[in-house]
Every structure is written in C-alpha cells, then in structure tokens.
1. Within a 10 angstrom radius of the beta carbon, how do B:Leu51, B:Leu183 rank from fewest other beta carbons to most?
2. Given the DSSP H assignment, sum -39500 (n - 2.57) over each helix run of at least 4 residues in the protein assembly as shown and divide by its residue total; what's the result at 222 nm in deg cm²/dmol, nearest 500?
3. Compute the helix-to-body angle for A:2-20: its Cα long axis versus the longest principal axis of chain A, expressed 0 to 90° and rounded to tens.
4. Of the cross-linked pairs A:Lys301/A:Lys370; A:Lys77/A:Lys134; A:Lys30/A:Lys157, which ones have a Cα-Cα span greater than 27 Å in the structure shown?
5. How high is the FRET efficiency from A:Leu148 to B:Ile99, r the C-beta distance, R0 51 Å, rounded to 0.05?
6. Can you give me the long-range amide H partners of A:His98? Hydrogens built in the peptide plane at 1.01 Å from N, cutoff under 5 Å, separation of 5 or more residues or another chain.
7. If you scale each eigenvalue of the Cα gyration tensor by 5 and take the root, what three semi-axes come out for the protein assembly as shown, rounded to whole angstrom and sorted largest first?
8. So if I take the alpha carbon set of region A:135-227, get Rg, then get Rh from the Kirkwood formula, what is the Rg over Rh ratio?
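Derivation of every value follows stated rules applied to the coordinates shown; laboratory data play no part. Treat the numbers as computed from the prediction; the structure is a model and nothing was measured. Cβ: placed from backbone, ideal geometry, glycine included. Neighbour counts: every protein chain shown.
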Amino acid sequence: MKSLIVFIASAVILAVLAMAYPDVLLSPGKLTKGHNSINNDCLACHTPFRSITSVQCISCHKQSDIGYKTVAGAFLKKNSNKALFHKGLADNSCVECHTDHKGTFAKEVTKPFRHASLSPQLRNDCIACHNNQKPKDSLHQFAKGNCLECHQTTSWKPATFDHKSLAASDLKLCISCHKTERPGDRLHQSVSTNCAECHRSSKWKPATFDHNKFTASGGKQCINCHKTDRPGDRLHQSVSTNCAECHLSSKWKPATFDHKKFTALSGKQCISCHKADQPSDDMHRQSQASCGTCHSTTRWKPATFNHSRYFRLDSDHRANCKTCHTDSGNYKKYTCYNCHEHSQSNIADKHREEGIYNYQNCMKCHRNGKAEEDDD
Amino acid sequence: MWKSLFIQRTLPLSVSYLLLIIAGITLDYILHIGNLVWIGRYLGITGTVFLALSFGYSARKKKLITNGALKFFLKFHCYTGWIGTLMILVHSGIHFNAILPWLATTLMMVVTASGHIGQYLIKKLKEEIKLKMKQHGVNATVDDQLELQHYWDSLTVKTLDKWRSVHMPMVSLLIALTTVHILSIFFFWNWR
C-alpha cells in the first residue's frame, strides 16, 4: 500500500512538472534557432499520439514561400535554390527531410533527401529542381533532362555515362564534349577529332594508334609526334628522324640498325656511337683503328683480328703497340727498327752478308722473334 | 579464506554489478560503430518487459501468484532484473537529452545496486536460518518457508526489513518515472 501511494504521488508530481516544464524534463534536445519562440509549446508542432505531421509545419512555412520569403513575410535574396527543392513536393512531406531537437543549427536537423518520396512524375523530371545545378559544359548540353541516366540520387559523383545513349550522328563528335581533355601534344593535334579512332568509350588508356593512317606522308614525320620519345644519345642524334628505319610502329624494341647506311663515311665514325662499348684493355685503348677493322656490324664477337697470324709476340716482343706501329691510324704499317737490337745499319749488314738485299718487309721471312726461323 | 564473506558473497555481487555497467557500455559502443543505434531505441521496450517480468517475485510473495517455488521466483527476479537493466542501459546510450529519462536511468542503476545488496542480505539470512534450524533440530525447506521463519529474530532480519523500507519506495519512484517517460513518448512520438 505504501509503495502504491509513493508511486501515485510521485507519478502525479512528475506529470505536473513535465507539463509545466516540458523543455527541461521531456525535450530530447534544443530546437533550431528559428523555433526559439515555440521552445515551451510542444503542441505547436506535436499532435498528441500522432507525433509531427506536416500540417503544423505548413501552418507557418507556406510551401509557395519557401526560398522566397521568411516565415515573417520578409523577402529572401534571389537565386536561392531552396525554392527548387521544395517546388512540387507533396504537402505532407516536410518530415521526410526535416526534424528538430538536434541543436540550434538548421543543417543539423535536415535528414538526407529521399527522392523516393517524390511523385513519379517529378521523380523523372530531375531538371525541374536541379536546373540551377546543371553544369554549363558541353557534355551536359547533350543531357536531355533525366539525370538518373548517369547519376545516382545519393550523390552526383561517381557518375556513369553510356555513349550508346548518344545519337549516331553525335557519336563522332567526341571533341564537342571532350575538348578540355584533349592533350596539347603534337600527336593529338595531328589526328582527327574522333577520339574513338584510338580510344575506347570506357577509359582513355590503353589506346591503340594505327600508323597506317600516316602512309600518305611516307612515315617520314615520325619525329613530329615522337620528339619527346627520341633518346638524347649520339646514335639517335646521328640518324634520321624517320624512326621507322630502325623501329616498328607497334613498339620501340627490338629495333634493327643497318650500318650500311654509314658506308659513305667508311665506317670511321664507329667510336662516335660505340664509345661506351669500347673495352678498356691495352689493345683496344691504344688502337686508333676503326671497329670495322676487326669486328662485323652484326655483332662484336667473334672478332677477326689475330696478331700471331702476322707476327707472334714472344717474351722479347711484348712492347707497346706504338713501338712497331708508329702510324696509329694504320696498323698494317709497322717497323722493326725502333729497338736497340734492330738498328737499320745492323740489319742491313747482316742481310747483305747473306746476300739478301730485299729485306725491307721483315715479316715476309720473320713471323716471330727467332733470327733463323722464317715461318712457324 | 575461500569461505570468507567477501569471497563468497560480496565479490560475486560486485562483479555482477560491474559487469552490468561494462556490458552496457560495450554494447552501446558496438551499436554506435555498427550504425545500429536504432536497435537501442527498441531495447527500451524489451528491457521494460524484462523488468516488468521481474515483478513476478513480488507477485508470488504477495500470493497474487500461488504456484511455484519462491526460490525460483527470486532467481527469476534477479536474472530478469539484470538483463532488463542492461537493455535499458543500452537504450539510454542513444543520447537523448531529456532529463526525465536520464533520472529514470540513474534511479534504475541505484535500484539495481540496492537489489544486489538485498540479494546479499537474503543469502545471509538464509544461512542464519539454516544454522538456527539445525541448532533446534527443525527440518524444513528454507526457501519455501522464508516468510514464516521471520520469527527467527536476528540482526539480519531487521536489516532486511530496513533495506525493504528503502528499496520498495525507490522501486515505486522508478515505476513512476518510467511510466511518465513511456507516456510522454506515446504522447509526442509516432511509432511508424
């Protein structure tokens, strides 16, 4: 009994307090700034046991005035897009987007807009509300009203665009929409404005490029487009700007190089291109001969030079090349007189004693350092 | 040591109360990170149902329910009270700012703490009665005849009476706060 009395007494007291101070005891949060005047008047918005209905909202916020006038009747700034969002909405749809008791700022009491709450007619007429938001670019100039063809109702991006939705006549006018996306390089400035010749509609890369379209110009204008692709080394700086002389149109490597194109210069400029290929050993370092003297143009090895074939360099003849080959430009020339053993007068005397007078070409008889041996 | 009052009675009941708070915070956190706060709103209903069921013990004691062992109803009272409190605690975590429901939540935690103390006192009383009945050679079930055995005048019986005189008014006040809260929700909110 005592408990029942406590219950009844406290329930009555609490009920009276709740009715007297609903904003303190019952309000789940502060009202927006605009609703300050009804802070203590719950029934201004709430219908008992039916919660909020849009009827109460509309009694103050006339639908036709939203975006144009304040509740007090004062005019708002022009070009507000609020009017567009409220235009054509059903009378009872305020609570679909709006709520309260979430704080004093209006943004906090706006729920996400649900397009599903629109009438089917308005739902398909996106532009009736979103006209102010339609981009002015050429792409959107082709759009005919239903944003849903590319966009979702939750957010504008990411959007999908199906090129198939375009008219056949518009399909070749790629550049009318993609003007700003066209690269400024010479390649793209040279080709047609029909992007589809190389690109797919789903994404720009990978793209395919058919060089055959340039056959009319004989392929000689490669460098016009590929200037930045040309390596800075001496080889590429020496050759012509017709890349097709060595490279395929499908890919740069493997490439072929024909040395015969340099026959006019007798191959003497090998080193100007192959400097990095030259071995650092004594023979290659000292030699001034053309690479072609020993090597073929197809590959470095096997090389054709064998010194023993002409003269075997035994332990007495391990001399510097210049000792015998005084003309570093022509290794076919040699002399045996540049050492103390083989003075010209001494050699002449020895050969004349033997009755030999034609002794100028030493190697004809001496293929090594031995005096008596004439061939080995 | 293991038979001490602290280990056998105080510690389990303290752990039970702390576990209630930890479980409440954990579940509330899970609902928030899982974007499932709406579940918390409906836990208010199920929690209230559980708390209402826990009054079966009072109904049995007042003989509004005539069948069933009192021991069972006491256990049922403890478990449903604990689960109901946990649900209401999670329900409170949806962060509505109205003072009245928060007062109800606070009082609910006080009543639950008081319930744990009551549980401790009843267990202590049972042990005392068992001991005294044994000393006097009486054979009877302690749980079923608990009320009849109040003549065993002891300090614990007096303490239990005092505890009731505090616990029951707090329960009445909690019911009043809950009733006003529920009525205000029905009055202002629409269950759509």
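1. Working: B:Leu51 23, B:Leu183 14.
Ascending Cβ contact count within 10 Å gives the list B:Leu183, B:Leu51.
2. -12500 deg cm²/dmol
3. The two axes meet at around 80 degrees.
4. On the way: A:Lys301/A:Lys370 32 Å; A:Lys77/A:Lys134 21 Å; A:Lys30/A:Lys157 34 Å.
Those over the limit are A:Lys301/A:Lys370; A:Lys30/A:Lys157.
5. Result of the calculation: an efficiency of 0.65.
6. Result for A:His98 returns A:Lys111.
7. Numbers: eigenvalues 2147, 450, 61 Å².
With the √(5λ) rule applied to the protein assembly as shown, the semi-axes are 104, 47, 17 Å.
8. Details: Rg = 16.4 Å, Rh = 15.5 Å.
Here Rg/Rh amounts to 1.06.
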